[in-house]
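Every number in this text was worked out from the coordinates using simple rules, so none of it is lab data. Just so you know, these numbers come straight off a predicted model, no measurement behind them. Heads up, the Cβs are rebuilt from the backbone with ideal geometry, glycines too, and the neighbour counts pull from every protein chain shown.
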Amino acid sequence: MKELTILSGKGGAGKTSITAALMSLASNAVFCDNDVDAANLHLLANPQIEEETVFEGARLASIDQSICVNCGLCVNHCKFHAISKDDNYVVNSFLCEGCRLCERLCPVGAITTEKSLENKWFISSTRFGKLVHAKMKPGEENSGKLVTKVRQKAKEIAENTQADYIINDGPPGIGCSVISSVTGVDVVLIVIEPSKSGLHDAKRLLKLAQSFHAKIFALINKYDMSSEQTDEINAYLHHEKISVIARVPFDDQIVKAMLNKQSIVEYAPDSLSAIAMKQAWEQLQKEFQNMEG
């Protein structure tokens, strides 16, 4: 069993569309949406939820107004400025780091902290196979831990069903959830769009991915939108000895496919972009076979 994570240095590079295309091509695979902060793979996969589990997030303070004596210790000592006073002392949930200092300082026990129960992860069936995905409330923390949880569950399912592959749709950027998405995988596929920001952010992501010693490939999406930027990206990847497994052209049929809740391979299998994705999957399969050999 081999594990592939698809990443992009920035949002909007087309990572999820690429993942959906690979889902259409891969057989005997388990799929996992690691972009737990802004999950959207389910929009194309149309999953039927089979299991739902609460994920305990970070701690959040709350103040019992019936006990509070308005001493102000919590406001004066909160380094995150998460507590303010209007008519009463109030905790700003977006600023609270759950450090519990205010809870310990409160002389009358008016402040308590509890773990958030607003986050969930799911096991679902799709037309492609099993999908493990999650949903985090905006502003919640511990996304890296949630990514680790969904990946562990995906691996468990893959082992039980003797799947050949695990394919992860990773989050953009280089944050904690990306680190959790790339740790221990066999292959990383970086999706790059031909723009200044696309190359800049891809460089940061590549540096991160290289530190985890996975095999790295690149895919240039919408390569024909800027020949100058595409040439610059090709030169950079050649210097870093990163193989480009596909160059996918700009294709408005991809948008139509998304509106139809399909991948480009399903919606327009003879399109140039679908053909490029088929070539990409063939290259990835060869790499997986080489690893086994």
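List of remarks:
- Sequence-distant lysines (8 or more away, or on other chains) whose Cα lies within less than 27 Å of LYS137: LYS10, LYS15, LYS79, LYS85, LYS115, LYS120, LYS145, LYS149, LYS153, LYS155, LYS261
- Potential lengthening between ARG104 and GLU52 on full extension [0.36 nm per residue; Cα-Cα distance subtracted]: 15.3 nm
- Rounded Å value of the spacing that divides the Cα centres of the range 25-51 and the range 223-293: 20 Å
- Full-extension gain in nm, GLU228 to LYS241, via 0.36 nm per residue minus C-alpha separation: 2.7 nm
- Among the trypsin sites (Lys or Arg not before Pro) found in the range 118-161, those both in a DSSP coil and sparsely packed, with 16 or fewer other Cβ atoms within 10 Å of their Cβ, are ARG127.
- Order of MET1, MET291 - criterion: other Cβ atoms within 10 Å of each residue's Cβ, fewest first: MET291, MET1
- The chain: translational diffusion in µm²/s, Stokes-Einstein, Kirkwood Rh over Cα pairs, 37 °C, 0.692 mPa s: 158 µm²/s
- Highest-fluctuation residue, THR112, THR19, THR148 considered, GNM on the chain with Cα pairs under 10 Å: THR112
- Whether the range 59-115 is rounded, prolate or oblate, judged on the alpha carbon gyration tensor where a/c under 1.5 counts as rounded: rounded
- In terms of the mean number of neighbouring beta-carbon atoms within 10 Å, the peptides 206-214, 182-190 order highest first as 182-190, 206-214.
- Filtered GluC sites (Glu not before Pro), the range 136-213: DSSP coil and at most 12 other beta carbons within 10 Å: none
- Summed residue charge, Cβ within 15 Å of ASN290's Cβ, Lys/Arg positive, Asp/Glu negative: -2
- For the range 134-293, the square roots a ≥ b ≥ c of the C-alpha gyration tensor eigenvalues yield an a/c under 1.5, which makes the shape rounded.
- Unmatched cysteines, the chain - criterion: no other Cβ of a Cys under 4.7 angstrom: CYS32, CYS68, CYS71, CYS78, CYS96, CYS99, CYS106, CYS176
- Nearest-0.05 FRET efficiency for LYS261 and SER62, computed from C-beta distance (R0 45 Å): 0.65
- In terms of packing, defined here as the mean over residues of other Cβ atoms within 10 angstrom, the peptides 250-260, 5-15, 80-90 line up highest first as 5-15, 250-260, 80-90.
- Put a dot 7 Å past the Cα of GLU97, heading toward its Cβ, do the same for LYS207, and the two dots end up 2.5 nm apart.
- Evaluated on the range 172-256, the Kirkwood hydrodynamic radius is 13.3 Å, with distances taken between all distinct Cα atoms.
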